[in-house]
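Novice: Below is one structure. I have some questions about it.
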Amino acid sequence: RVTVLRDGKYVGTRDIHAVDLDELVGMMVGRTITQMFHRDYQPSGSEALRVKALSRGKKLHDINLNLHCGEIVGLAGLVGAGRTELARAIFGVDAYDQGELFVFGNSVKSNSPAKMVELGVGLLPEDRKAHGLALVLPLAENVVMASLNRLFPRRFVSNNKERQVVAKYVQELRIATPSISRLAQYLSGGTQQKVVLAKWLCTQSKVFIFDEPTRGIDVGAKAEIHNFMNELVKQGAAVLMISSDLPEILGMSDRIYVMREGRIVAEVPRQDATQESIVAYAMGHQVDSKFQRKNGNGTTGEDNITTAGMDISVTVK
């Protein structure tokens with residue numbers, strides 16, 4: 001038997017032989033798998049981010065993309081296609097050789113993480129433990145660390161104000177923690193991801209770059225992250241979502257850019273996107289045409305192999 005709890009409440013018990021994955025997921029997150037990627041689509045607003053002819057060494061080549069308020073734009077591609085490198089270049093972690101960036105129509109002359117935060121851009125990195133959190137610091141300090149200048153302009157940190165600010169995001173994002181003083185390293189993967197999101201909400205960001213936002217977290221936390229993304233764009237934010245999960249890309253995106261070998265090779269509207277077309281663009285060919293084979297004539301061949309006292313017979317047609 002399997003028993004499901006949700007939000008600290010008993011949902012139900014099922015015989016393991018009489019329940020399928022769809023029903024279990026539905027019990028865990030409150031909706032079925034087919035509803036996992038629910039989006040409330042609305043007309044996009046003004047341009048929030050534009051990348052023009054951006055290049056960086058051998059990693060990125062003549063990248064052009066744009067992102068509008070009120071939309072989630074997916075960025076698909078194979079591992080090593082340059083998606084994370086592009087996110088890091090946009091956010092100012094890595095310098096680019098040539099190209100232009102525009103945030104809300106304003107040209108960014110020299111970007112750096114501090115500059116992009118000031119402009120309202122936030123990056124949820126692929127590796128949250130290495131680049132998104134200070135694991136040895138408490139949850140509270142992780143939430144406010146990028147907002148210290150705004151929250152405490154006189155350089156004096158008020159513990160009371162910090163607790164009030166953090167408590168707000170703990171409640172809004174339903175961050176499961178016994179205390180805001182708990183070290184980040186002891187939080188679950190889904191909770192850690194919520195803390196990273198809270199950090200950028202605290203900076204009042206309006207442009208979010210999500211790099212593999214649901215990798216390594218449980219199905220319930222995935223559903224919550226998707227809900228938060230949906231709420232962000234409904235409130236006028238813009239989201240660039242990098243994901244290797246094709247159902248996630250297809251289910252959450254208004255438009256999809258596809259990268260291959262450091263280049264954007266396609267921009268696909270949501271209504272025209274399929275798993276097959278995205279994979280074909282990412283690989284540079286149709287999958288079924290790459291691995292072609294011809295059927296043999298069915299001739300049977302037999303062989304006997306004797307090794308270490310064992311007689312192994314193999315039949316191949």
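Novice: Treating only the Cβ of Lys, Arg, Asp and Glu as charged (+1, +1, -1, -1), what charge dipole size does segment 47-289 show about its Cα centre? Round to the nearest 20 debye. Walk me through the numbers before you get to the answer.
Specialist: Numbers: 29 positive and 26 negative charges, 223 e Å.
That gives segment 47-289 a dipole magnitude of about 1080 debye.
Novice: Go through 59/222; 129/222; 52/234; 129/199 and tell me which ones have a Cα-Cα distance over 19 Å in this structure.
Specialist: Numbers: 59/222 30 Å; 129/222 17 Å; 52/234 26 Å; 129/199 14 Å.
From 59/222; 129/222; 52/234; 129/199, over 19 Å: 59/222; 52/234.
Novice: I need the phi-derived Karplus couplings for segment 251-268: 6.51 cos²θ - 1.76 cosθ + 1.60, θ = phi - 60°, integer Hz, Gly and Pro marked x.
Specialist: Along segment 251-268, the couplings run x, 10, 8, 7, 9, 9, 9, 10, 10, 8, 6, x, 10, 7, 9, 7, 10, 10 Hz.
Novice: Against the longest alpha carbon principal axis of the chain, how many degrees, from 0 to 90 and to the nearest 10, is the axis of helix 189-202 turned?
Specialist: Orientation of helix 189-202: about 30 degrees from the principal axis.
Novice: If you take the alpha carbon radius of gyration of the chain and divide it by 2.2 N^0.38 Å, what ratio comes out, to two decimals?
Specialist: Numbers: Rg = 23.8 Å, N = 317, 2.2 N^0.38 = 19.6 Å.
Dividing the Cα radius of gyration by 2.2 N^0.38 Å gives 1.21.
Novice: Based on the mean of other Cβ atoms within 10 Å per residue, sort peptides 152-164, 81-93, 268-280 so the most packed one is first.
Specialist: 81-93, 268-280, 152-164
Novice: Something else: Would you mind checking which residues have amide H under 5 Å from residue 77's amide H? H placed 1.01 Å from N; only 5 or more apart, or other chain.
Specialist: For residue 77, whose amide H was placed from the backbone, the distant partners under 5 Å are 259.
Novice: Order of 214-221, 13-20, 99-106 by packing, highest average Cβ count within 10 Å first? All intermediate terms of the calculation are to be shown ahead of the outcome.
Specialist: Details: 214-221: 17.2, 13-20: 10.4, 99-106: 15.8.
Packing proxy ranking, top to bottom: 214-221, 99-106, 13-20.
Novice: Further, regarding this structure: May I ask you to work out the translational diffusion coefficient for segment 148-243 at 20 °C, viscosity 1.002 mPa s, via Stokes-Einstein with Rh from the Kirkwood sum over Cα pairs, reported in whole µm²/s?
Specialist: Working: Rh = 14.4 Å.
Value of D from the Cα-based Kirkwood radius: 149 µm²/s.
Novice: Per DSSP H run of at least 4 residues, take -39500 (n - 2.57); add these up for the chain, divide by its residues and hand me the 222 nm value, nearest 500 deg cm²/dmol.
Specialist: Rounded to the nearest 500, the figure is -9000 deg cm²/dmol.
Novice: If you don't mind, another one. Setting aside same-chain residues fewer than 8 positions from residue 115, which aspartates and glutamates have a Cα under 17 Å from its Cα?
Specialist: Once the sequence-local aspartates and glutamates are set aside, what remains near residue 115 is 94, 100.
Novice: Taking R0 as 41 Å, what's the FRET efficiency between residue 61 and residue 129 from their Cβ-Cβ distance, rounded to 0.05? Show your work: numbers first, answer last.
Specialist: On the way: r = 30 Å, r/R0 = 0.74.
Taking R0 as 41 Å, the efficiency between residue 61 and residue 129 is 0.85.
Novice: What full-extension length gain, to one decimal in nm, is calculated for residue 100 and residue 152 as 0.36 nm per residue of separation minus the Cα-Cα distance?
Specialist: Details: separation 52, 0.36 × 52 = 18.72 nm, distance 3.26 nm.
Full extension of this stretch gives 15.5 nm more.
Novice: Then there is this: Taking the Cβ of each residue in 69, 202 as the centre, tally the other Cβ atoms inside 10 Å and list the residues starting with the fewest. Write down the numbers at each step before the final one.
Specialist: Details: 69 19, 202 22.
Ranked by crowding around the Cβ, least crowded first: 69, 202.
Novice: State the Cα centre-to-centre distance between segment 70-120 and segment 209-273 in whole Å.
Specialist: 16 Å
We did not get these values from a lab; they are worked out from the coordinates using the rules stated. Please read all numbers here as calculations on a predicted model, not as lab measurements. Quick reminder, even Gly has a Cβ in these numbers, built from the backbone with ideal geometry, and neighbours come from all protein chains shown.
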